[in-house]
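One structure is given below, encoded as structure tokens.
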Amino acid sequence: MEAQTNYSLRAELRGHEEDVRGVMSCELGIVTASRDKTVKLWVEDSPTSLHCLTTFVGHTDYVGALAFIPVGGSPDLTSPAIISGSRDTKVIVWDAVTASPIHTLLGHGYQVTAVGVLPSGEVVSTSLDKSVKVWKGAKCVRTLEGHAGPVLSLAVLPTGGFVTGSGDMTIKQWSGGTCVHTYTGHTDTVRGLCALGDIGFVSASHDMTLKVWALSGEVVAELVGHTAIVYACAAVSVGGAQLIASGSEDNTARLWDPSGACLQVIEHVGCIWDVAFTADGDLVTGCSDAVARLWSAREDRKAPADVAEGYARALQTVKEERAAAKAQEGAGGGGAAGGAGGGGGGGMGGLPPGIKVEEPSALMAPGAKDGAYKFIREATGAVTAYAWDAKTWQWDKVGEVVSEAEAQGAAPGGVGAIKKLHKGREYDFVFDVDVEEGAPPRKLALNRGDNPYIVAGQFCEDEDLPLHFKDQIVQFIIKNTEGAAGGPSVNDLPITGGFCDPFTGGGSGSSSAPPPPMYRPPPQSLADLPITGGFVDPFTGVPGGSGAGAGGAATVPGGYKAGALVHAPARAYLVFDGAPAPDKLAAKVREFNALVAAQPATSALALTAEEAAGGLDALLRQLPAVPSSSPSAPVFPATGGPHAPLLAKLLQWPPAQLFPGLDVARLVALDAGGGASLVAGAGPLGAAGSGLLPDALRTAAAPDAPAANTQLGLRLAANLFKHAAPRAWASANAGALLDAYAHAASSPHKAVRLSFATALSNVAVALHGAGAAAPEDVKLQALSCGIELLNACPTEAVDTLSRALTAVATLLLVGAPASGSAGEAGLVGVARDLGLADALRRVHDAPEAKRPDGRRMLEAALDVMTLIK
């Protein structure tokens with residue numbers, strides 16, 4: 001018997017703010033999980049309408065994994081429960097009636113990718129940490145290991161066992177805590193799994209196929225038709241007929257017969273992250289447009305005409321936009337497309353791609369944020385970049401944007417690049433990226449003009465890689481595209497007249513700017529946050545405020561829950577890994593070397609002719625490879641090495657010529673061997689004559705030192721925390737470091753303040769890691785520095801304040817119990833005495849805290865508020 005497959009739209013479930021990453025049908029209704037960190041339960045109003053009954057708030061990162069336990073399904077539960085797994089590494093078992101957590105299951109090291117419920121009522125979870133965990137109540141009773149890659153998918157079988165799919169391209173069947181079968185056949189990550197009645201199970205893969213498996217290991221059918229990654233699959237039996245659904249990055253959900261025939265293609269306006277069937281055969285899809293949709297083959301469940309027509313119009317609009325973009329991309333390949341609407345036009349020989357060029361009237365409107373850019377076509381035909389200055393409330397002219405060919409001194413036009421095909425689309429670059437030993441390489445595809453940070457973030461997302469890979473991937477892109485992939489930020493555009501690198505005297509160089517923030521509507525104030533249970537304003541002492549409704553909880557955009565720490569404690573060490581252009585840095589070193597050689601007092605420190613030529617060039621050529629080096633394969637030896645004598649001279653140069661040596665040392669510190677060589681034989685930072693590194697750091701910290709020295713001294717200090725050997729020295733000298741650079745907290749230079757906040761953050765992470773062994777005086781000193789920085793830093797410096805706030809919150813948690821409360825009441829008291837409450841109020845009330853790019857700063861401030869209330 002063949003299932004009916006003329007599915008049409010039944011209802012749209014609108015309420016999430018970001019991608020719907022997980023969907024599930026259960027006896028209570030439809031459950032959805034989202035990138036907005038929430039889980040929602042939807043119930044039916046009518047055959048074509050559902051409303052959100054409950055929102056579950058508690059995760060601190062996006063949620064994608066869902067499961068359900070009915071009444072009686074677990075011996076320790078007396079009510080139905082919804083289970084969710086998140087990128088925050090937690091599994092939460094929720095009381096579906098009260099929306100409160102019953103258990104929070106902690107143990108995974110990375111994102112939880114899937115959850116399920118065994119017939120015994122035990123919960124099973126999978127994670128990017130390559131493990132599978134089985135939970136009874138709140139306790140992990142078994143950890144199953146065997147996959148060589150991250151475990152991304154899970155399906156519980158009617159037999160009582162379960163199967164898991166991995167980035168290692170295999171599927172494993174587990175029974176009684178043992179792997180009883182390994183299935184191979186996919187050529188890429190196994191992303192989705194579902195049971196298929198008495199046949200076996202179905203798998204979905206990044207290789208763009210699905211497979212139907214018998215439990216014996218035989219591939220019964222292969223489902224081919226998707227043109228991109230297949231993220232999810234689901235199956236249902238209706239009237240004796242089996243039906244399979246799949247969701248893909250190609251913006252379609254597809255319905256299949258188990259024999260392999262594609263029965264229907266359902267187009268969507270975005271990527272399909274998850275699919276599920278209801279008990280009676282309706283289909284639920286979770287889409288990247290933040291909407292879940294319900295589809296049905298029943299005539300009496302067709303969506304009202306206005307809903308269906310609205311969706312059809314949205315779909316048509318998306319198709320037209322894609323067609324226009326493709327046409328523009330094709331025209332742009334010849335260097336003649338563009339015009340006022342974008343880059344590449346006019347007689348400019350082709351502007352950098354991705355630029356939106358506007359008429360001068362666009363400057364009549366204020367900028368969206370401080371530092372926002374507009375690109376204006378002047379009456380002469382030239383395109384000029386303008387930056388918005390929020391202080392003066394005006395657009396400042398930055399300079400003229402020129403074509404890439406003209407910027408390089410080449411004739412406009414140029415030769416078109418050969419396109420490479422990947423998953424049915426053409427790209428300028430397709431790279432093999434090795435992210436795991438023994439696993440096949442992942443494909444990284446991008447075009448010229450793509451922002452490397454956006455590409456790297458999406459790559460980590462698509463491949464379910466931990467975010468610590470992101471910076472390495474960015475450097476990989478920049479290195480392997482020779483800068484061609486840089487996005488349309490001012491640092492990457494060929495602009496004349498305005499920018500000058502303070503260290504090399506050249507242009508903006510290879511900027512290491514942070515990625516543009518993803519838009520998430522920020523909470524506007526404490527009163528606008530969804531707060532549940534007993535929140536007290538730390539300033540007024542008034543409980544609750546207007547943030548909670550009559551039911552005791554407010555559910556509004558923002559995703560913040562009182563008492564839940566979002567960014568603290570910080571656990572990652574932050575580094576400055578942007579490498580200046582070697583030729584420009586070499587020119588500056590040679591320029592300063594001549595000055596050092598000309599002074600009798602310093603002539604002995606001048607580089608020899610051989611060092612200034614071959615030795616210097618060899619050292620600087622190695623620096624771009626340092627940020628991506630691994631401890632097992634360092635660029636520099638831990639002791640000695642040809643770089644050591646040359647760097648030793650640079651670090652002894654007079655203050656006016658010191659900063660190039662500090663910049664070189666900053667990058668050398670990012671290498672395990674280089675960092676070890678820097679601290680080899682180094683004495684205490686506080687004592688004169690303690691060695692090259694402490695002497696250079698102390699010289700750079702002098703109150704009358706050039707700002708470039710202070711900035712680079714702090715960045716060198718921050719980078720020392722990356723690897724074990726230099727981290728041990730930096731941690732032991734943290735008190736002296738903060739003492740020497742304390743004046744930087746009130747520096748008029750924003751780059752110096754950001755560098756100080758970063759070094760302070762790393763000190764806080766190290767102190768938190770030391771726990772009860774952390775020196776009391778250093779904790780107090782770090783806290784004092786953090787509060788001074790919070791009081792002195794302008795509120796438009798959101799990155800600096802975010803780091804400083806997270807550092808303060810982390811310090812307050814040093815020695816904290818597992819509950820997450822502040823570590824010591826005494827430290828909280830000191831924080832209050834030092835004026836922390838006033839600093840927090842200033843941040844909270846700042847206009848920047850209400851903007852999307854200020855969200856992290858506000859969340860970090862709320863973390864601190866939670867700890868000192």
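Taking each residue as 0.36 nm, the span from ALA707 to ASP739 lengthens on full extension beyond its C-alpha to C-alpha distance by 9.8 nm.
Taking the centroid of alpha carbons for each part, the stretch 135-149 and the stretch 260-317 are 35 Å apart. For the pair SER175 and SER237, a Förster radius of 25 Å applied to the C-beta separation gives a FRET efficiency near 0.60, rounded to the nearest 0.05. Hey, quick one: spin label on ALA728, modelled 7 Å out along Cα-Cβ, who in the stretch 676-706 has an amide N within reach, i.e. under 19 Å? Those under the cut-off are 676-686, 691-694. Compute the FRET efficiency between ASP198 and VAL141 as 1/(1 + (r/R0)^6), taking r as their Cβ-Cβ distance and R0 = 30 Å, and round to the nearest 0.05. With a Förster radius of 30 Å, E is 0.55. Ranking of PHE756, PHE431 by solvent-accessible surface, largest first: PHE431, PHE756 (1.4 Å probe, protein heavy atoms only, all chains present).
For the stretch 659-755, the list of chymotrypsin sites (Phe, Trp or Tyr not before Pro) that fall in a loop by DSSP and count at most 10 other C-beta atoms within 10 angstrom is empty. Counting only protein heavy atoms and a 1.4 Å probe, the stretch 256-316 has 38 square angstrom of accessible area per residue.
For a paramagnetic label modelled on THR182 (point 7 Å from Cα along Cα→Cβ), amide N atoms under 14 Å away belong, within the stretch 137-165, to 145-150, 164-165.
Available extension along the chain between ILE454 and GLU44 is 143.8 nm, counting 0.36 nm per residue and deducting the alpha carbon span. Which of the pairs LYS302/LYS850; LYS649/LYS722; LYS397/LYS750; LYS37/LYS850 have their Cα atoms more than 31 Å apart in this structure? Pairs exceeding the cut-off: LYS302/LYS850. With viscosity 0.692 mPa s and temperature 37 °C, the Kirkwood radius over alpha carbon pairs of the stretch 1-125 converts through Stokes-Einstein to a diffusion coefficient of 217 µm²/s. In this structure, the amide hydrogen of THR38, modeled 1.01 Å from its nitrogen in the peptide plane, lies closer than 5 angstrom to those of VAL63, counting only residues at least 5 positions away or on a different chain. Can you tell me the FRET efficiency between THR104 and ASP617 if r is taken as the Cβ-Cβ distance and R0 is 56 Å, rounded to the nearest 0.05? That gives a FRET efficiency of 0.50.
For the peptides 588-595, 789-796, residues were scored by their other Cβ atoms within 10 Å and the scores averaged per peptide; the highest-first order is 789-796, 588-595. Taking the centroid of alpha carbons for each part, the stretch 600-656 and the stretch 1-57 are 60 Å apart.
Per residue, the stretch 147-232 exposes 31 Å² of solvent-accessible protein surface, assessed with a 1.4 angstrom probe and all protein chains in place. Accessible area per residue was computed with a 1.4 Å probe on protein heavy atoms; ARG87 scores about 50 Å².
The values are calculated or read from the model by the stated rules, or taken from the named source; none is laboratory data. If you're wondering where the values come from, they're calculated on a predicted model, not measured in any experiment. In this analysis, Cβ positions are derived from the backbone assuming ideal geometry, glycine residues included, and neighbour counts consider all displayed protein chains. Protein only, heavy atoms only, side chains kept; ligands, DNA and RNA dropped before computing areas. Shrake-Rupley method; radii C 1.70, N 1.55, O 1.52, S 1.80 Å.
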